[in-house]
1. Using a 10 angstrom cutoff on alpha carbons, build the Gaussian network for the chain and name the most mobile of Cys187, Cys116, Cys15.
2. What are the trypsin sites (Lys or Arg not before Pro) within segment 34-102 that DSSP puts in a loop, where the Cβ has at most 15 other Cβ atoms within 10 Å?
3. Given a 1.4 angstrom probe, what's the average accessible area per residue across the chain, in square angstrom?
4. Under a 5 Å amide H to amide H cut-off, with H placed in plane at 1.01 Å, what residues pair with Leu181 once short-range neighbours are removed?
5. Compute the signed sum of charges (Lys and Arg +1, Asp and Glu -1) over the other residues within less than 13 Å, Cβ to Cβ, of Asp95.
6. To make sure I understand the rule: partners must be aspartates and glutamates, Cα under 15 Å from the Cα of Lys151, and not fewer than 8 residues away in the same chain. Which ones qualify?
7. Relative to a virtual label point 7 Å from the Cα of Gln197 in the Cα→beta-carbon direction, which members of segment 71-105 show backbone nitrogen distances below 15 Å?
8. Hey, could you get me the Stokes-Einstein D for segment 173-223, Kirkwood radius over alpha-carbon pairs, 25 °C and 0.890 mPa s, rounded to whole µm² s⁻¹?
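The values are calculated or read from the model by the stated rules, or taken from the named source; none is laboratory data. All of these numbers come straight from a predicted model, not from anything done at the bench. Glycine also receives a Cβ, built like all others from the backbone with ideal geometry; neighbour counts cover every protein chain displayed. All accessible areas refer to the heavy atoms of the entire protein, side chains included, with ligands and DNA or RNA removed. Shrake-Rupley method; radii C 1.70, N 1.55, O 1.52, S 1.80 Å.
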Amino acid sequence: MKRPLGLAALTVLECPHDEQVRVAAQAGYTHAGLRLVPVAGQPYSHPLDVPLLERCLADTGVRVLDVEVFRLIPQTKVADWENVLALSQRLGASDILVHGADADERRLIDTFGRLCELAGRYQLRANLEPMPWVDVSNIAKALRVLRGAGKSNSGLLVDAIHFFRAGDSVAELKKVPREYLHYAQLCDARAETPTDQQEIIRQARGDRLFPGEGGLDLRALLAALPPDVPLSLEVPVAKAMPPLERAQRARRATEAILAASEAT
């Protein structure tokens, strides 16, 4: 496949970091994502063995696509993340994933701008991911932050499930400047958007579907994205299965969608 495919951390979050990389290699991915900043309530937390992780990356040839999750809240002190940003560069990452969870947009823009500046010292791009249950919940709000911050290493991260759950449109996505689109996250989900926010969160965190098995218009979404943008496959499914099988099924399903899209 010409398009780089990454295995997102959430797809195989039960695995330690080095095992995530090995699973990515065995399943045929070019890249992997790493969750080096856990989120609140995360069900798995693994100690980080940096030398082991570096050896695994070198042995497999898998590259790090992104590091997550940098959640911007009112109390955020960007300087606290300098060590993890330095480590992200050391591991070869190109991007970091950012959530905007601050209702004060002016403060959020300032915090995001300072994060971009610090990330830039380590040759990293900061990508703001809209999610329906945080303050930056859709593309329009994310673009206000990106434009307000005005940083050249900033970006918009589109995640298929959040894109459709937020009611964003393909027409709107087509208008997003190319320089903001560094990579995207792909999965499928039930067509119906839950009316309960907790159910939206539950599905997003642990009950997604493999591409082509749900009701999201992934072909239209892919057509609105640049044809060469890397895809990070973030598919935490509810059905129990070994991590390698999960990763393999996500890749095969994505390749089938891509092939079908290219054929039309």
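1. Cys15
2. Here the sparse-neighbourhood loop sites are Lys77.
3. 43
4. Leu156
5. -1
6. Partners found: Asp95, Asp110, Glu117, Glu179.
7. Residues passing the 15 Å test: 100-104.
8. The Stokes-Einstein estimate is 196 µm²/s.
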